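Just below is one structure, and these are the notes that go with it.
The values are calculated or read from the model by the stated rules, or taken from the named source; none is laboratory data. Not measured: the values here are computed from a predicted model. Neighbour counts run over all protein chains shown; Cβ positions are idealised from the backbone, glycine included. Just the protein is used for accessible areas: all its heavy atoms, side chains included, with ligands, DNA and RNA removed. Shrake-Rupley method; radii C 1.70, N 1.55, O 1.52, S 1.80 Å.
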Amino acid sequence: MLSFLVIFFAIALRVREPEQVKRILWVIAGLGTLTALYGISQRYGWDPIGNGEDHTRVFSSFGNPIFFGSYLVMSTVISLGLALDDDRKNDRWWLPIVAVIVGVQLAALWFTGSRGPWVSLVFGLLAFAGLAAL
């Protein structure tokens with residue numbers, strides 16, 4: 001929770017332009033996909049960096065499956081938000097790419113074996129749908 005608050009205040013106090021916000025969101029979504037791919041590789045027994053291949057629950061580079069799941073919840077909702085942005089309203093070719101990105105993140109979230117991140121993902125998606133409806 002403390003790390004998310006630090007990220008929030010670093011962004012809130014320094015970002016001035018909407019383009020800066022979009023760049024930050026793209027970085028979060030991209031890193032969510034990279035860490036998800038690393039978590040999936042741990043699940044299938046290939047971990048070139050650490051010792052994650054012998055565990056039943058993947059933790060990627062976060063050290064704990066719940067921490068990894070919480071980051072994936074945030075990056076999944078951000079990835080969906082970027083896909084449905086007004087700037088991409090006419091770009092239909094982008095939807096299969098986003099489907100793969102979100103699918104990789106959800107697969108890694110499944111491999112964490114944690115229930116808490118799934119509950120928060122449901123509430124995050126409900127909040128996302130509510131905000132999108134407004």
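Run down LEU37, LEU84, LEU95, LEU25 and say which single residue is within 17 Å of LEU109 (Cβ to Cβ) and aliphatic (A, V, I, L, M).
Going through LEU37, LEU84, LEU95, LEU25 in turn, the sole match is LEU37.
Pairs under 8 Å by beta carbon, first residue free of Cβ contacts under 8 Å to residues at least 24 places away in the same chain and over 14 Å from ALA132 (Cβ atoms) in the range 57-84, partner open to solvent by 20 Å² or more (accessible area, probe 1.4 Å) and of a type in the set (Phe, Trp, Tyr), six or more apart or different chains?
Every condition considered, the pairs that remain are PHE67/PHE59.
At least 2 residues that are loosely packed, with under 13 Cβ neighbours inside 10 Å in each: list the helices (runs of 4 or more DSSP H) lying fully within the range 27-134 that qualify.
94-112, 115-133
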